């Protein structure tokens, strides 16, 4: 083989190798871009093993389970539902939910005292991030125990189920997380501190009703009577629930339905107040919450004095 033929053969082999490398690289990039469409997936799902691990709206539509059957009033009902799903969804994931639930329970908590105790307040909102900010600000001003739902180990399992096309198990796990949360609430109340919880049974129930039925008028009358008159006896009933309805185009579609639900929950879940404020106007929102709380708090208590002091400082500024 002369030198010219050798060079031609060498260049041909080199071009083939480059094309193969480029094809593999493009395939890898396309493969990764397919999965990077999934937003904020948990760390353990960064490495994708099967197509059933996660879902994408465009290529892999999630399974839409009937949320109408996911309204529970007892912890035993939730556990029974999860047990019935073992043969369908797999025993491993169900046992993982139960393990996380047991790991999240407080041990040896006595009953909540009814007299001269600190308040238990629930703060909820359709706008998740804005609700977090208001929750943190109120906890800081009242020096209260700040609790977010779900708690402890239940938070990781709920997040995991959110990305595994198992919305029905996720909703059931959120119910179990609510019962685990009750231990944190009672522990906080018995430790003589105000307790402020972000998201409680009212928000969970309202979300399932809205997603399951769309319009309240579509709910069967017998189910509505049960929902509007029953509160789980295994959960501590809040002294006050505040729903912050931020005026925003993001929440305008369900605002009327949600406000109607909260107003009807008022007889079952305890006192509920709905306030409407512009998005990002945190100071006005906090002032409204203070005006709601102050008449019902012990004026001699330290946490009430903190609220009044913060209000006076704002007026001076």
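The values are calculated or read from the model by the stated rules, or taken from the named source; none is laboratory data. Since this is a predicted model, take the numbers as computed values, not measurements. We place every Cβ from the backbone using ideal geometry, glycine too, and count neighbours over all the protein chains shown.
I'd like the residue in the stretch 179-200 that is part of a helix (DSSP H, G or I) and touching a helix residue (DSSP H, G or I) at 6+ places or on another chain (Cβ under 6 Å) and, out of all such residues, is nearest to residue 236 (Cα to Cα). Let's see the steps before the verdict.
Our first condition is that a residue be part of a helix (DSSP H, G or I); within the stretch 179-200, this holds for 179-190.
Restricting the remaining residues to those that are touching a helix residue (DSSP H, G or I) at 6+ places or on another chain (Cβ under 6 Å) gives 179-180.
Details: 179: 9, 180: 11 Å.
Filtering first and then ranking leaves 179.
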* Structure fact -> Note on residue 130: of the conditions (1) under 21 Å from the mean Cα position of the chain (by Cα); (2) at pLDDT 85 or above; (3) in a helix (DSSP H, G or I), unmet is (2)
* Check whether at least one residue in the stretch 140-159 is farther than 28 Å from residue 279 by Cβ, in contact with a strand residue (DSSP E or B) (Cβ under 9 Å, 6 or more places away or on another chain) and surrounded by fewer than 20 Cβ atoms within 10 Å (Cβ to Cβ), and report yes or no. => no
* Asked: Can you find even one residue in the stretch 236-252 that is surrounded by fewer than 20 Cβ atoms within 10 Å (Cβ to Cβ), without any contact (Cβ under 8 Å) to a residue 60 or more places away in the chain, within 18 Å of the chain's Cα centre (by Cα) and not in a helix (DSSP H, G or I)?
  -> no
* Asked: Residues in the stretch 142-159: is at least one over 17 Å from the mean Cα position of the chain (by Cα), on the phi > 0 side of the Ramachandran plot, at pLDDT 80 or above and assigned by TED's automatic domain parsing to the domain that holds residue 238?
  -> yes
* If you check residue 181 against the conditions, is it more than 17 Å from the chain's Cα centre (by Cα) and within 28 Å of residue 271 (Cα to Cα)? -> no
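Quickly run through the stretch 200-213 and pick out the residues that are touching a residue at least 24 places away in the same chain (Cβ under 8 Å) and out of contact with any strand residue (DSSP E or B) (no Cβ under 8 Å at 6 or more places or on another chain).
Within the stretch 200-213, the subset touching a residue at least 24 places away in the same chain (Cβ under 8 Å) is 200-206, 208-213.
Selection gives 201, 204, 205, 206, 208, 209, 210, 211, 212, 213.
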* Structure fact -> Note on residue 203: of the conditions (1) at pLDDT 85 or above; (2) in a helix (DSSP H, G or I); (3) surrounded by fewer than 19 Cβ atoms within 10 Å (Cβ to Cβ), unmet is (3)
* Structure fact -> Scanning the stretch 210-231 residue by residue, those exposed (fewer than 10 other Cβ atoms within 10 Å of the Cβ) and either under 21 Å from residue 77 (Cα atoms) or out of contact with any helix residue (DSSP H, G or I) (no Cβ under 8 Å at 6 or more places or on another chain) (or both) turn out to be 217, 221, 222, 229
* Asked: Do you know which residues across the stretch 267-301 are closer than 22 Å to residue 119 by Cα, at pLDDT below 80 and out of contact with any helix residue (DSSP H, G or I) (no Cβ under 9 Å at 6 or more places or on another chain)?
  -> 295, 296, 300, 301
* To do: Go through the stretch 82-98 and count every residue that is exposed (fewer than 12 other Cβ atoms within 10 Å of the Cβ) and touching a helix residue (DSSP H, G or I) at 6+ places or on another chain (Cβ under 6 Å).
  => 0
